[in-house]
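**Q** Before I ask anything, let me first share the structure, which is written out below as structure tokens.
The values are calculated or read from the model by the stated rules, or taken from the named source; none is laboratory data. Treat the numbers as computed from the prediction; the structure is a model and nothing was measured. No Cβ is skipped: glycine too gets one built from the backbone with ideal geometry, and neighbour counts run over all protein chains shown. Just the protein is used for accessible areas: all its heavy atoms, side chains included, with ligands, DNA and RNA removed. Shrake-Rupley method; radii C 1.70, N 1.55, O 1.52, S 1.80 Å.
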Amino acid sequence: MTSLVKSVGTIGGLTMVSRIFGFARDMLLSRILGAGGVADAWQLAFQLPNIFRRLFAEGAFAAAFVPLFNERMAADGKQNEARAFADAVLAVLIPILIVFSALLLIVMPWIMGMFASDALRADGPKFDLAVAMARIAFPYLALMSVATLFAAILNSLSRFAAAAAAPILLNICLIAALLLGLFTGDGGEEAKAATGLYLAISVSLSGLFQLAWLYYWIRRSGFRPTLRRPRLTAQVREMGRLILPAVFGAGVYQISRFVDLFFIAMLPDKSITYLAMADRLNQLPLGIIGIALGTAILPALSRFVAQGDRDGAFRLQSNAVELAMLLTVPAAVALFVAGRAITSAFYVGGQYSVADGLATGAVVGGLVVGLPAYVLVKVLVPNFFARKDTRTPVWTAAVSLLINIVLNLLLIPQLGLVGLALAGSIAAWCNVVMLYAILHRKDLFRLTGRVAGRIARIILAAAAMAAALHYAIPLAGDAFIGGVFERIVALIALVAAGAIIFFGCAVLLGVVNRGTIGQLGRRTL
């Protein structure tokens, strides 16, 4: 558990810095662009390359590459073979990315037409702006896909910091673009359109900066990537067989985002902005905890499997599940109870109204119901990938995606955008149940009575926190939509009260000890 806490603390701490910059970005975005119109056009234009990037970078590529790379690194004297494997993958990856990006740029108007809302399609200039922004931002996908190869190598070497810090550059570039738009525009529609173009340019620039950053650190680690003539070697073909199903198995969350975009097109104006702003709050714990755990556990599991250490793999999986629940359950409960207060404090102001803030908070409630499930998927799926089994997660993801679509059809007419968020959450829990049942049946992992008991006590501590926050939030009155100082004080008090109550109860219930909390906090800081 100690080494896992250290790795998660390192990755999670740097991811937290990135998410803080992301909050600053979205706070500026809400005030400058508001919701609807140019804001909706920008969110759709940014979602397309970003979803592809998350699908590839956070799921499929690492799932296929890391076990094969570690297999070669684990054998004595085979580091040269690992380097040759990485170069061979890079040589094939680059032309694929060039062709794929070129095709997407050509058909971008058709893709935007498929996902755009009726209001956006009806507004010709704004639709053209959305297409232009998407085309300008799309090179980000190719740049970040190459950067993903470098990040996967660094993570395989247990050097997590550089890759975890890279997304900070994206948010810095976006903030710079927003500030440029703020200081050069007058708040009118033309100024908003110009700001949207600045944002699109900054996205592609950030991809270039992140690639350069990771290239520097991979050279510091002793690897020197070399461009070679593309060849479909046996090793590359093996990775290809793994990566295609992994796109679906590891990326169910991102694929569900594509499904969401399709259904959002049928909802009223502003819906895509509300979902994007709400997802920022959901992505904070998901990124800090889920990505950190998934990134840390896959190389370690791969090494245990390569060494034939069944007990080590079982123990690591148990620790990861327990740590995931310890960190996500209180986060999900707190966001569910305090979602409207938090979204009002962060986003309301300028072009973003109080009604926009409350609507965003309602969507947060639907999203965070599935937060522990999304993290558990990232924790359980590596158990399959470490054994080069990318097919099983594909089938469970396919079933959960089908459930998601059916639930969208049932819930959206009744609950609107909140129903869409809730449908994805329920589908994610179905995926968790299926993955665990298969691991249990194959005797690869099962919850022990000790771990199950600790999870039950985590839920009990979170319930105590929820009750306290429910009664405490109304005492703040209008502080969450007051001045800057009032909002800061109210948010600090809210977070501090929730953390003290939860971890206090967790200590009393024997879920954690003070040493574990202190160790995780020190690594995160």
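**Q** Of (1) at pLDDT below 90; (2) crowded, with 20+ Cβ neighbours inside 10 Å, Gly196 satisfies all except one. Which?
**A** Condition not satisfied by Gly196: (1).
**Q** Quick check on this structure: which one of Ile136, Ile94, Ile153 is assigned to a helix (DSSP H, G or I), over 23 Å from Leu68 (Cβ atoms) and in contact (Cβ under 8 Å) with a residue 24 or more places away in the chain?
**A** Being assigned to a helix (DSSP H, G or I), over 23 Å from Leu68 (Cβ atoms) and in contact (Cβ under 8 Å) with a residue 24 or more places away in the chain holds for just one of Ile136, Ile94, Ile153, which is Ile136.
**Q** Out of all the residues in the stretch 487-506, is one or more more than 30 Å from Gly350 (Cβ to Cβ), outside any loop (DSSP other than H, G, I, E, B) and open to solvent by 60 Å² or more (accessible area, probe 1.4 Å)?
**A** Within the stretch 487-506, one or more residues are more than 30 Å from Gly350 (Cβ to Cβ), outside any loop (DSSP other than H, G, I, E, B) and open to solvent by 60 Å² or more (accessible area, probe 1.4 Å).
**Q** So, one more: I'm trying to understand the selection: among the residues of the stretch 193-215, which are of a type in the set (Ser, Thr, Tyr) and either touching a Gly at 6+ places or on another chain (Cβ under 6 Å) or in contact (Cβ under 8 Å) with a residue 40 or more places away in the chain (or both)?
**A** Matches in the stretch 193-215: Thr195, Tyr198, Ser204, Ser206, Tyr215.
**Q** Which of the residues belonging to the stretch 97-133 are out of contact with any helix residue (DSSP H, G or I) (no Cβ under 9 Å at 6 or more places or on another chain) and not in a helix (DSSP H, G or I)?
**A** The one that is out of contact with any helix residue (DSSP H, G or I) (no Cβ under 9 Å at 6 or more places or on another chain) and not in a helix (DSSP H, G or I): Val107.
**Q** Can you name the residue in the stretch 139-159 that is at pLDDT 85 or above and open to solvent by 30 Å² or more (accessible area, probe 1.4 Å) and, of all such residues, is farthest from the chain's Cα centre (by Cα)?
**A** The selected residue is Pro139.
**Q** Could you grab the pairs with beta carbons closer than 7 Å, sequence gap of 6+ or different chains, first residue in the stretch 460-484 and of a type in the set (Gly, Ala, Ser), second one outside any helix (DSSP H, G or I)?
**A** Ala461/Leu509; Ala461/Val511
**Q** Here is a list: Asp443, Asp389. Which entry is open to solvent by 60 Å² or more (accessible area, probe 1.4 Å), free of Cβ contacts under 8 Å to residues at least 40 places away in the same chain and in a loop (DSSP other than H, G, I, E, B)?
**A** Result of the check over Asp443, Asp389: Asp443.
**Q** Could you list, in sequence order, the residues of the stretch 446-455 that are in a helix (DSSP H, G or I) and open to solvent by less than 60 Å² (accessible area, probe 1.4 Å)?
**A** Those that are in a helix (DSSP H, G or I) and open to solvent by less than 60 Å² (accessible area, probe 1.4 Å): Val451, Ala452, Gly453, Arg454, Ile455.
**Q** If I ask for residues that are among the β-branched types (Val, Ile, Thr) and closer than 26 Å to Ala278 by Cα, which ones from the stretch 303-359 would you list?
**A** Within the stretch 303-359, Val321, Thr328, Val329, Val333, Val337, Ile342, Thr343, Val348, Val354 meet the criteria.
**Q** Now for a different question. I'm told Ala162 meets every condition in (1) over 21 Å from Arg224 (Cβ atoms); (2) part of a helix (DSSP H, G or I); (3) at pLDDT below 85 except one. Can you identify the failing condition by its number?
**A** (1)
**Q** Any chance you could count how many residues in the stretch 377-399 are closer than 30 Å to Ala338 by Cβ and modelled with pLDDT of 90 or more?
**A** Count: 0.
**Q** Working only within the stretch 105-132, note down all residues that are open to solvent by 30 Å² or more (accessible area, probe 1.4 Å) and not charged (D, E, K, R).
**A** Passing the criteria: Leu105, Ile106, Val107, Pro109, Trp110, Met114, Ala119, Ala122, Gly124, Pro125, Phe127, Ala132.
**Q** Before we move on, is Leu4 within 23 Å of Leu154 (Cβ to Cβ), at pLDDT below 80 and either in contact with a Leu (Cβ under 7 Å, 6 or more places away or on another chain) or surrounded by fewer than 21 Cβ atoms within 10 Å (Cβ to Cβ) (or both)?
**A** yes
**Q** What's the total number of residues in the stretch 400-414 that are under 14 Å from Ala265 (Cα atoms), open to solvent by less than 30 Å² (accessible area, probe 1.4 Å) and of a type in the set (A, V, I, L, M)?
**A** 1
**Q** With the condition kept exactly as written, say whether any residue in the stretch 368-380 is in contact with a Lys or Arg (Cβ under 7 Å, 6 or more places away or on another chain), in contact (Cβ under 8 Å) with a residue 24 or more places away in the chain, of a type in the set (Phe, Trp, Tyr) and surrounded by 24 or more Cβ atoms within 10 Å (Cβ to Cβ).
**A** So far as the stretch 368-380 goes, no, none of its residues is in contact with a Lys or Arg (Cβ under 7 Å, 6 or more places away or on another chain), in contact (Cβ under 8 Å) with a residue 24 or more places away in the chain, of a type in the set (Phe, Trp, Tyr) and surrounded by 24 or more Cβ atoms within 10 Å (Cβ to Cβ).
**Q** Name the single residue, out of those in the stretch 17-35 being over 16 Å from Ala200 (Cα atoms) and among the hydrophobic types (A, V, I, L, M, F, W, C), that is surrounded by the most Cβ atoms within 10 Å (Cβ to Cβ).
**A** Step by step, filter the stretch 17-35, then rank; the result is Ala35.
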